[in-house]
Amino acid sequence: MPELPDVEAFRGVLRSCGQGHPVEKVDVRDAGVLRGVSARRLRSGVEGHRFAEPRRHGKLLIAPLDDGPAVVWHFGMTGELVAASADDPPHDHDRVVLTLDGGRQLRYRDQRKLQGIRFAEDREAVAELEADLGPDALDLDRTEFVELLAGRRGAVKSVLMDQSLISGLGNLLSDEILWRAGIAPERPAKSLGEGEARGVYTAMRRVLASAVRAGRVPPRRTWLTGRRDDASPACPRCGTELRSGRVSGRRTLWCPNCQH
């Protein structure tokens, strides 16, 4: 499931493969991943134009073109952006393929098609897409973060995953952050003391730094994420059997010994 680190890695793919290069062809192989734009409009708006410096806001990847519009990717549950050559065989889940000069390609690959690609006609349209998003998790300073938690009644995990409050954190990152901080996921956010909230912020920064370097949420055995799929998952820190439940409709894993 792509979260902030994955999308940051996709930004690197777009920057290295696409930035500054003209798009010669847009091949929409499955219009089911287009959101608010037709295949014809996407082709006419992108073909012949060059990608400028891409940027990321939370889980959105924004790729401005040279004359103002932008292609905006939201990767949903299974989406990814892949650099390829025109000679590489197609993948069953390649939904939209952008062919650039020199035979290089950017392929939007997505199995479940829960989100997809938007085309923003100008900077104002991009701003509208971002309007409902909170600040990016990497941009929040500690004071802002502590104040954000202090005013929320909901479970702390729900707050972390709420894209209108903090943009970029998903299910895996939120579980990992709270395990590192020693905070139970269902605990009301507003019940955290300032020291505890600062601890969650520190855990978030450290988890994001490692995950961004890895280009994903790494399934390391020393991380909670590395134990999620075990038949009987145990805490990497203390060995206690992990508990599993649902918070905001998402499977949640935590250690009843380490998280309070």
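The values are calculated or read from the model by the stated rules, or taken from the named source; none is laboratory data. Bear in mind that the values here come from a model prediction, so they are computed numbers and not experimental data. Here Cβ is always computed from backbone atoms with ideal geometry, including for glycine, and neighbour counts include all displayed protein chains.
Tally up the residues in segment 223-260 that are crowded, with 20+ Cβ neighbours inside 10 Å and basic (Lys, Arg), please.
Counting residues in segment 223-260 that are crowded, with 20+ Cβ neighbours inside 10 Å and basic (Lys, Arg) gives 1.
If we keep just the residues of segment 83-106 that are within 16 Å of Asp30 (Cα to Cα) and of a type in the set (A, V, I, L, M, F, W, C), which is surrounded by the fewest Cβ atoms within 10 Å (Cβ to Cβ)?
Here the residue is Val97.
Which members of segment 183-197 meet the condition of being out of contact with any Gly (no Cβ under 9 Å at 6 or more places or on another chain), closer than 21 Å to Gly245 by Cα and part of a loop (DSSP other than H, G, I, E, B)?
Going residue by residue through segment 183-197, those that are out of contact with any Gly (no Cβ under 9 Å at 6 or more places or on another chain) are 184, 187, 191, 193-195, 197.
After this cut, where a residue has to be closer than 21 Å to Gly245 by Cα as well, the list is 184, 187, 191.
Passing the criteria: Ala184, Arg187.
Could you list, in sequence order, the residues of segment 118-127 that are exposed (fewer than 11 other Cβ atoms within 10 Å of the Cβ) and under 19 Å from the mean Cα position of the chain (by Cα)? Give the steps one after another, and end with the answer.
So in segment 118-127, the residues exposed (fewer than 11 other Cβ atoms within 10 Å of the Cβ) come out as 124, 127.
Scanning segment 118-127 gives a single hit, Ala127.
Could you tell me which residue of segment 9-58 is farthest from Ala83 (Cα to Cα), considering only residues that are in a helix (DSSP H, G or I) and touching a Gly at 6+ places or on another chain (Cβ under 8 Å)?
Just the residues of segment 9-58 that are in a helix (DSSP H, G or I), to begin with: 9-17, 31-33, 39-46.
Right, trim to touching a Gly at 6+ places or on another chain (Cβ under 8 Å) and you get 9, 12, 32-33.
Details: Ala9: 12, Gly12: 10, Gly32: 21, Val33: 18 Å.
Ranking the candidates gives Gly32 first.
Might you let me know whether segment 94-115 holds any residue that is polar (S, T, N, Q), in a strand (DSSP E or B) and in contact with a Lys or Arg (Cβ under 7 Å, 6 or more places away or on another chain)? Talk me through it step by step, then tell me what you get.
Restricting attention to segment 94-115, the residues satisfying the condition of being polar (S, T, N, Q) are 99, 105, 111, 115.
Filter once more, so that each one left must be in a strand (DSSP E or B): 99, 105.
Still in the list and also in contact with a Lys or Arg (Cβ under 7 Å, 6 or more places away or on another chain): 99.
Taking every residue of segment 94-115 in turn, at least one turns out to be polar (S, T, N, Q), in a strand (DSSP E or B) and in contact with a Lys or Arg (Cβ under 7 Å, 6 or more places away or on another chain).
Ser164 - would you say it is of a type outside the set (A, V, I, L, M) and either within 23 Å of Pro219 (Cα to Cα) or in the same structural domain as Phe119 (by TED's automatic domain parsing) (or both)? Lay out the reasoning, then the answer.
Values: of a type outside the set (A, V, I, L, M): yes; either within 23 Å of Pro219 (Cα to Cα) or in the same structural domain as Phe119 (by TED's automatic domain parsing) (or both): no.
In short, no.
Run down Glu121, Glu80 and say which single residue is under 20 Å from Gly215 (Cα atoms) and of a type in the set (Asp, Glu).
Values: Glu121 fails: under 20 Å from Gly215 (Cα atoms).
Result: Glu80 is the single residue among Glu121, Glu80 that is under 20 Å from Gly215 (Cα atoms) and of a type in the set (Asp, Glu).
Here is a list: Gly68, Gly79. Which entry is at pLDDT below 95 and either over 19 Å from Val126 (Cα atoms) or surrounded by 15 or more Cβ atoms within 10 Å (Cβ to Cβ) (or both)? Even if it seems obvious, please write down each step before you answer.
Working: Gly79 fails: at pLDDT below 95.
Step by step, each of Gly68, Gly79 is checked, and only Gly68 is at pLDDT below 95 and either over 19 Å from Val126 (Cα atoms) or surrounded by 15 or more Cβ atoms within 10 Å (Cβ to Cβ) (or both).
Would you be able to say whether some residue in segment 139-150 is more than 20 Å from His260 (Cα to Cα), touching a strand residue (DSSP E or B) at 6+ places or on another chain (Cβ under 7 Å) and buried (at least 19 other Cβ atoms within 10 Å of the Cβ)?
No; the residues of segment 139-150 include none that is more than 20 Å from His260 (Cα to Cα), touching a strand residue (DSSP E or B) at 6+ places or on another chain (Cβ under 7 Å) and buried (at least 19 other Cβ atoms within 10 Å of the Cβ).
Among the residues of segment 212-247 satisfying the criterion of being assigned to a loop (DSSP other than H, G, I, E, B) and hydroxyl-bearing (Ser, Thr, Tyr), which is nearest to Lys59 (Cα to Cα)? Lay out the reasoning, then the answer.
First, pick out the residues of segment 212-247 that are assigned to a loop (DSSP other than H, G, I, E, B): 215-223, 227-233, 235-240, 242.
Adding the requirement that they be hydroxyl-bearing (Ser, Thr, Tyr) leaves 222, 232, 240.
On the way: Thr222: 25, Ser232: 31, Thr240: 33 Å.
Residue satisfying both the conditions and the ranking: Thr222.
Just checking, does segment 210-222 include any residue being in the same structural domain as Asp162 (by TED's automatic domain parsing), over 25 Å from the mean Cα position of the chain (by Cα), over 19 Å from Asp136 (Cα atoms) and surrounded by fewer than 21 Cβ atoms within 10 Å (Cβ to Cβ)? Show your work before the answer.
Filtering segment 210-222 for residues in the same structural domain as Asp162 (by TED's automatic domain parsing) gives 210-222.
Filter again for over 25 Å from the mean Cα position of the chain (by Cα), leaving none.
No; the residues of segment 210-222 include none that is in the same structural domain as Asp162 (by TED's automatic domain parsing), over 25 Å from the mean Cα position of the chain (by Cα), over 19 Å from Asp136 (Cα atoms) and surrounded by fewer than 21 Cβ atoms within 10 Å (Cβ to Cβ).
Out of Gly36, Gly48, Gly58, which single residue is crowded, with 16+ Cβ neighbours inside 10 Å, farther than 11 Å from Leu106 by Cβ and modelled with pLDDT of 95 or more?
Working: Gly36 fails: crowded, with 16+ Cβ neighbours inside 10 Å; Gly48 fails: crowded, with 16+ Cβ neighbours inside 10 Å.
The conditions single out Gly58.
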